[in-house]
Amino acid sequence: MRTLAAGLLFLGVAALASGCGQTGLAKGGDISQGKQLFIKNCGSCHRLADAGTPGTIGPDLDGAFYGARAQKFKLSTIRQVVYDQIYHAAAPMPRELVTGADASSVAAYVASVAGTGSAAEGAPPTVTATTAGGGGGGGGGAVATGAQLFQSLGCSGCHTLTGAKGTGPTFKGLFGSKVQLTSGQTVTADDAYLLESILDPDKQIVKGYPKGIMSATIPPGSVSAAKAKALIAFIKSKK
């Protein structure tokens, strides 16, 4: 598990851009042209209400950026995240579907509307049959708290609940699975691993994912152990 937060703060964007040394900063962009380019190049995989695209292969962009909208992130920050993802996409999404001014236009368009439509994925999780203060040890209360944190911390921007790959690994089926790290080591995503990944996100990077996004936006130790354990309870529930 990498990038538990959405990676939408400027520090995180700067870390990704400078670390890759290729993308640079998203500047300008024609929103109208960006919409047409998005429909043509991205709509078959991504759902976005404003564009009228029904794609289900990639993340629902209204859901992915719901948390960023709710937390009132700057449009320029969201635009940069989209721009970086165009250049540094993870499979099955091909990199650089559009480049240069076209990439800026797509990023500007997505930033202007993503998170404003109804979100099929990444919207605030619906948790049922949970009780407040359920005897002090019940998992239901922890799962409900974790679900709220999943949204409020922006996790839905990078981690899907459906099995689809995003900026970070999906949470579906993550707990108990085997995870290969960039070091070549394979570990089990158990309680200890997940806790460490939340508290110190750059310590063990999953192969195929960039380093430094979460740690730049949420420094190590900024999520309390109690909140981290609630997030783990939520992750465990996504089988």
Next on the checklist: When you check Gly163 against the structure, is it part of a helix (DSSP H, G or I), out of contact with any helix residue (DSSP H, G or I) (no Cβ under 6 Å at 6 or more places or on another chain) and at pLDDT below 90, yes or no?
Outcome noted: no
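So, in segment 173-189, exactly how many residues are touching a Ser or Thr at 6+ places or on another chain (Cβ under 6 Å) and open to solvent by 80 Å² or more (accessible area, probe 1.4 Å)? Spell out how you get there, then give the answer.
Just the residues of segment 173-189 that are touching a Ser or Thr at 6+ places or on another chain (Cβ under 6 Å), to begin with: 178, 180, 189.
Now restrict to residues that are open to solvent by 80 Å² or more (accessible area, probe 1.4 Å): 178, 180.
Number of matching residues: 2.
Which of the residues that make up segment 113-124 are among the hydrophobic types (A, V, I, L, M, F, W, C), at pLDDT 85 or above and not in a helix (DSSP H, G or I)?
As a first pass, look at segment 113-124 and keep what is among the hydrophobic types (A, V, I, L, M, F, W, C): 113-114, 119-120, 123.
From what's left, at pLDDT 85 or above: 113-114.
Residue satisfying the conditions is Ala114 alone.
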Checklist outcome for this item: Residue set Leu4, Leu16; condition modelled with pLDDT under 90, crowded, with 22+ Cβ neighbours inside 10 Å and part of a helix (DSSP H, G or I); output residue Leu16
Checklist entry - Cβ-Cβ below 6 Å, separation at least six or inter-chain, first residue in segment 98-115 and under 11 Å from Ser32 (Cα atoms), second open to solvent by 30 Å² or more (accessible area, probe 1.4 Å) and among the acidic types (Asp, Glu): which pairs? => result Ser105/Asp30
Item to check | Residues of segment 39-55 satisfying the condition of being without any contact (Cβ under 8 Å) to a residue 12 or more places away in the chain and under 20 Å from the mean Cα position of the chain (by Cα) | outcome: Pro54
Item to check | Residue ranges of helices (runs of 4 or more DSSP H) in segment 38-112 with at least 3 members open to solvent by 10 Å² or more (accessible area, probe 1.4 Å) | outcome: 66-70, 75-87
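Determine whether Gly166 is under 30 Å from Gln80 (Cα atoms), open to solvent by less than 30 Å² (accessible area, probe 1.4 Å) and touching a His at 6+ places or on another chain (Cβ under 7 Å). Lay out the reasoning, then the answer.
Details: under 30 Å from Gln80 (Cα atoms): yes; open to solvent by less than 30 Å² (accessible area, probe 1.4 Å): yes; touching a His at 6+ places or on another chain (Cβ under 7 Å): yes.
Taking the combined requirement at face value, the residue satisfies it.
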Checklist outcome for this item: Filter segment 205-237 for residues that are in a loop (DSSP other than H, G, I, E, B) and open to solvent by less than 40 Å² (accessible area, probe 1.4 Å); the one that is farthest from Lys165 (Cα to Cα) is Val223
Checklist entry - Is it the case that segment 83-100 has a residue that's over 19 Å from Leu161 (Cα atoms), modelled with pLDDT of 90 or more and of a type in the set (Ser, Thr, Tyr)? => result yes
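The values are calculated or read from the model by the stated rules, or taken from the named source; none is laboratory data. In this text, all values refer to a predicted model and were calculated from it rather than measured experimentally. Reconstructed Cβ throughout: ideal geometry from the backbone, glycine too, with neighbour counts over all protein chains shown. The area values use the complete protein model at the heavy-atom level, side chains included, leaving out ligands, DNA and RNA. Shrake-Rupley method; radii C 1.70, N 1.55, O 1.52, S 1.80 Å.
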